[in-house]
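Here is the structure we will look at.
The values are calculated or read from the model by the stated rules, or taken from the named source; none is laboratory data. For clarity, every value in this text was computed on a predicted model and none was experimentally measured. Cβ sites come from the backbone with ideal geometry, for glycine too, and all protein chains shown count toward neighbours.
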Amino acid sequence: MIQLNKQAGRNPWLAWQSLCQAVGLLGHKQLRAYIIIPIGVNLILYSALLYLLYGYVGGLIEQFIPEWLLWLSWLIYPISFVSFFVAGFFSFTLVANLLAAPFYGDLAAKTRSLISGELEVVSSLPVLSVMASELKRIGYLLSRMLPLLIISFIPVVNIIAPLLWLIFGAWAISLEYFAFSLENEGLLFKEQREALRDVRVGALSFGGLILIGLSLPVLNIVVPPLAVIAAAIYREKLAEV
């Protein structure tokens, strides 16, 4: 079991530093080959998501607002939209990462090699083990998404839904993007979750920053590979010394 530096993990500033450093590496010639195709995948998926959000979500929300609460629609509508927004972007990110996973594992390995000067190490885990780990991750996330979806449709109670979605989204995104670096070190989902739990403040800070980036049109196309690079850098900063 890999130990992460808990003291460093309590410093949210490290997440920002890692992201800024990742921006500088985004155009690096040794990383370029692992970035181009994932960006193409993201362009297609996020374009589809924006179309669905702005074309259909508004009408769907209105259908779920009971007549006796129409006077509160000015409050319920934006709350519900934020919930759909976070859930939608997270779901599409999960799909995009599954499609781009072969590139992201190599991208994480190449990034750590560049910043540490050590030999490049890629995952040696059996493919079936990695697939089973991914299924466990999806099951874990879905088991937490469903209660949030239910809360989002309960009048009055759904006022807290956006905050819960943001916390969940930050944690889930952190799990998702750290996975590529941690798999290269031989950790599957259960061990990845335990490792990040020890640095929860840092993990949530990292996930929150990535979530903000994913919510920005156009920029969100390059955020996923940027997040993989940043997670690899952050992993290096959290190394136990």
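Have a look at Ala179, Ala161, Ala172, Ala231 and point out the one that is buried (at least 20 other Cβ atoms within 10 Å of the Cβ), among the hydrophobic types (A, V, I, L, M, F, W, C) and over 25 Å from Ala109 (Cβ atoms).
Exactly one of Ala179, Ala161, Ala172, Ala231 is buried (at least 20 other Cβ atoms within 10 Å of the Cβ), among the hydrophobic types (A, V, I, L, M, F, W, C) and over 25 Å from Ala109 (Cβ atoms), namely Ala161.
Considering only region 190-201, I want to know if a residue exists there that is crowded, with 16+ Cβ neighbours inside 10 Å, small (Gly, Ala, Ser) and within 21 Å of Leu45 (Cα to Cα).
So far as region 190-201 goes, no, none of its residues is crowded, with 16+ Cβ neighbours inside 10 Å, small (Gly, Ala, Ser) and within 21 Å of Leu45 (Cα to Cα).
I'd like to check something: does region 143-152 contain any residue that is under 22 Å from Ala227 (Cβ atoms), free of Cβ contacts under 8 Å to residues at least 60 places away in the same chain and of a type in the set (A, V, I, L, M, F, W, C)?
Checked region 143-152: at least one residue is under 22 Å from Ala227 (Cβ atoms), free of Cβ contacts under 8 Å to residues at least 60 places away in the same chain and of a type in the set (A, V, I, L, M, F, W, C).
Inspect all residues belonging to region 189-203 and state whether any of them is of a type in the set (Phe, Trp, Tyr), more than 12 Å from the chain's Cα centre (by Cα) and within 16 Å of Gln7 (Cβ to Cβ).
Within region 189-203, not a single residue is of a type in the set (Phe, Trp, Tyr), more than 12 Å from the chain's Cα centre (by Cα) and within 16 Å of Gln7 (Cβ to Cβ).
Only one of Val156, Val127, Val121, Val201 is over 23 Å from Pro102 (Cα atoms) and either at pLDDT below 85 or in contact with a strand residue (DSSP E or B) (Cβ under 7 Å, 6 or more places away or on another chain) (or both); which?
Val156
Leu166 fails exactly one of the following numbered conditions: (1) surrounded by fewer than 22 Cβ atoms within 10 Å (Cβ to Cβ); (2) closer than 16 Å to Ser18 by Cα; (3) in contact with a helix residue (DSSP H, G or I) (Cβ under 8 Å, 6 or more places away or on another chain); (4) among the hydrophobic types (A, V, I, L, M, F, W, C). What is the number of that condition?
(2)
Could you list, ordered by first residue, the pairs with Cβ atoms under 6 Å in which the first is in region 212-241 and basic (Lys, Arg) and the second is surrounded by fewer than 24 Cβ atoms within 10 Å (Cβ to Cβ), at least 6 apart or interchain?
Lys237/Leu14
Restricting attention to region 131-151, and to residues there that are under 28 Å from Leu31 (Cβ atoms) and surrounded by fewer than 17 Cβ atoms within 10 Å (Cβ to Cβ), which single residue is modelled with the highest pLDDT?
Among residues in region 131-151 that are under 28 Å from Leu31 (Cβ atoms) and surrounded by fewer than 17 Cβ atoms within 10 Å (Cβ to Cβ), the one modelled with the highest pLDDT is Ile138.
Hey, can you tell me all the residues within region 148-168 that are in a helix (DSSP H, G or I), over 23 Å from Ile210 (Cβ atoms) and not polar (S, T, N, Q)?
Residues satisfying the conditions are Ile150, Ile151, Val157, Ile159.
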